[in-house]
Amino acid sequence: MASRGADLGASDTGVGRRSLPTKHEGFLGYRGGYWGKMALGISITLIAAYLLIDVEPRHNGGSWLGYTLGTVGVLLILWLTMLGVRKRAMTPGRWSLKAWTSAHVYLGLSLMVIGTLHTGFQLGWNVHTLAWVLMMIVIVTGIFGITAYGLLPRRLSDNRDETTEVQMLETLMDIDRQLFDAAQPLDAGPAATVQAALDETAFDGGIRQRLGRRYRGGATARALAEFRARPQPVDDPEDKLYDRLEALLARKQAALSRIRQHLRIKALLQIWLYIHVPVTFALLAALSAHIISVFFYW
């Protein structure tokens, strides 16, 4: 009996260990923020070297320290651009995509220090400063992307309220079908008002309207206001019809609002990439011009 009890206890302990939930670890907190600490250490070391090393007549990109920082910066930028390629290969462990993304973020932030120290704070209207400006734009848009992915997914989930985008669109289509059927007995004027509301979709307007929540039209809101402002009729079938149309228009307005908020959050999650990626390629072009001009014309 003692033996069986010992075996059972060992088995239960093993099961308990296996059933313990694992804590989710995001890429920013990978290995306790390993790459953040690494980037911070690199930045502090380089700032100290910049302050302690005497360069005559002053720090600049053409000194031995400037060349060293420039070489490190260029190699780091080239490595950072490989994240898009790296995403296509899923591997676990030390070189997992999570680890790579964490290094991408934190080492990318350290470029603000590396690139600025490389310039020796000598900035002007030239291709060298252009490369630095483009680098800073890439970093700033990357910071926006990190912030967006840290805050917006929860808002996206809360707005959906356990429904998918397809289900929200299907709900809107169902409301439109009910509106169309209910509006058949209407006279020409009210029918035209309902038709304008039927013609309004959640996708009206472009990216500016979507981000600013300033959509063209607003036919559903106008139709709802018109039906709500009508004189109180006597109790007859038309009264019930108008009440039903008002209720359906209110439902459509709410559905439009939810879908548009969904689309706005999705746009915020994606819009930074439309700046981040093209400016990255512009940065590579400016870096090429910067390097060629340094080695062949200076």
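The values are calculated or read from the model by the stated rules, or taken from the named source; none is laboratory data. Everything numeric in this text was worked out from a predicted model, so none of it was measured. Virtual Cβ from ideal backbone geometry, glycine too; neighbours counted across all protein chains shown.
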>> Please determine whether any residue of segment 176-185 is within 17 Å of Ser257 (Cα to Cα), over 28 Å from the mean Cα position of the chain (by Cα) and modelled with pLDDT of 90 or more.
In response: yes
>> Of the residues Arg177, Arg154, Arg160, only one is farther than 30 Å from Tyr274 by Cβ and out of contact with any Ser or Thr (no Cβ under 9 Å at 6 or more places or on another chain); which?
In response: Arg177
> So is Leu256 assigned by TED's automatic domain parsing to the domain that holds Ala223 and over 30 Å from Gly150 (Cβ atoms) or not?
Replying inline: no
> Residues in segment 212-220: is at least one assigned to a helix (DSSP H, G or I), modelled with pLDDT of 85 or more, of a type outside the set (Val, Ile, Thr) and out of contact with any Phe, Trp or Tyr (no Cβ under 6 Å at 6 or more places or on another chain)?
Replying inline: yes
>> For segment 161-181, give me each residue that is within 18 Å of Tyr242 (Cβ to Cβ) and surrounded by fewer than 17 Cβ atoms within 10 Å (Cβ to Cβ).
In response: Gln178, Phe180, Asp181
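Listed here are the residues, each with its yes/no results for (1) of a type in the set (Phe, Trp, Tyr); (2) assigned to a helix (DSSP H, G or I); (3) in the same structural domain as Leu245 (by TED's automatic domain parsing).
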{"residue": "Val140", "(1), (2), (3)": "no, yes, no"}
{"residue": "Ile143", "(1), (2), (3)": "no, yes, no"}
{"residue": "Tyr149", "(1), (2), (3)": "yes, yes, no"}
{"residue": "Thr171", "(1), (2), (3)": "no, yes, yes"}
{"residue": "Asp174", "(1), (2), (3)": "no, yes, yes"}
{"residue": "Ala192", "(1), (2), (3)": "no, yes, yes"}
{"residue": "Ala197", "(1), (2), (3)": "no, yes, yes"}
{"residue": "Ala202", "(1), (2), (3)": "no, no, yes"}
>> Could you go through segment 65-80 and let me know if any residue there is farther than 22 Å from Met136 by Cβ and buried (at least 18 other Cβ atoms within 10 Å of the Cβ).
In response: no
> Which condition breaks for Trp132 when tested against (1) part of a helix (DSSP H, G or I); (2) within 20 Å of Leu269 (Cα to Cα)?
Replying inline: (2)
